[in-house]
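A.B. asks: Quick one: this structure, given as structure tokens, is what I'll be asking you about.
The values are calculated or read from the model by the stated rules, or taken from the named source; none is laboratory data. In this text, all values refer to a predicted model and were calculated from it rather than measured experimentally. FYI the Cβ positions are ideal-geometry reconstructions off the backbone, even for glycines, and counts take in every protein chain you see. Please note that ligands, DNA and RNA were not included when accessible areas were found on the heavy atoms of the full protein model with its side chains. Shrake-Rupley method; radii C 1.70, N 1.55, O 1.52, S 1.80 Å.
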Amino acid sequence: MADDPNVTLTIRLIMQGKEVGSIIGKKGEIVKKFREESGARINISDGSSPERIVTITGNTAGIIKAFDLICRKLEEVYQNMAKSDNIPKPPITLRLIVPASQCGSLIGKGGSKIREIREVTGASIQVASEMLPNSTERAVTISGMSDAITKCIYHICVIMLESPPKGGTIPYRPRPGPNGPNMMMGGNTPTGYGMQGNYGMNPAEQMGKMGGSQLAGLAALGLGGIGGGPSAGPVNPAGRKSDKIMVLLERFLWKSLW
């Protein structure tokens, strides 16, 4: 079924504004080229949110080609950033949006399927333990080099076609605001079900390992903004002056990530 050119599938992913800009290009030239070369429909949500939804629709071959083009473009961007900052090139990280009813098939019994995908593709893959806000969808984070991610996307396409979503799905829609709504500092980083070899992986711990700090980890993982969301509570309740200082600090840290 996955290789049938007449069977279409839609995959959505969350991207940050600056990442999206690199695949849109000047006057939309790059994304237009990606559409023509892949044969897939690539739509990018508009709005004031720092998070944008990229929707890719087509047959499996078209989707794989679209992801290959996107990954290679991001790899090029990361390479240039690494050279200018004199740091190692971070892995490409994409956050897919998958209906929660399909996540069980992606994980497999006892984590067998997610482990198999990692071993076959060489990509790191993690399924969030909680649904995205106001939706019945979860974030599936995959990380690695271009070829590994492309292979991983193929396996995810196969699973999604073999195990369609059950019941109605409430799609995730990013909330507008200066900070990403999902990734928050102050102990509210969501945990997930990930596999690294034969062991579970906590993304908070993983972020600490990448670049020696949580901030470097966030930059490397490409995961959303800094700052409290609607459930995070006040950043610093001690007083207005302290709040202003924390806001300025947050802005500085946000800029430093990019």
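A.B. asks: Name the residues in the stretch 1-60 that are outside any strand (DSSP E or B), closer than 21 Å to ARG175 by Cα and among the charged types (D, E, K, R), would you?
C.D. replies: Answer for the stretch 1-60, where residues must be outside any strand (DSSP E or B), closer than 21 Å to ARG175 by Cα and among the charged types (D, E, K, R): LYS18, GLU19, ASP46.
A.B. asks: Quick check on ILE11: is it in contact with a strand residue (DSSP E or B) (Cβ under 8 Å, 6 or more places away or on another chain), of a type in the set (A, V, I, L, M) and within 25 Å of LEU161 (Cα to Cα)?
C.D. replies: So ILE11 passes the test.
A.B. asks: Is it true that some residue in the stretch 42-59 is without any contact (Cβ under 8 Å) to a residue 24 or more places away in the chain and farther than 24 Å from GLN126 by Cα?
C.D. replies: Looking through the stretch 42-59, at least one residue is without any contact (Cβ under 8 Å) to a residue 24 or more places away in the chain and farther than 24 Å from GLN126 by Cα.
A.B. asks: State the number of residues belonging to the stretch 58-70 that are open to solvent by 20 Å² or more (accessible area, probe 1.4 Å) and of a type in the set (Ser, Thr, Tyr).
C.D. replies: 0
A.B. asks: For the stretch 72-103, enumerate the residues that are without any contact (Cβ under 8 Å) to a residue 12 or more places away in the chain and small (Gly, Ala, Ser).
C.D. replies: ALA82, SER84
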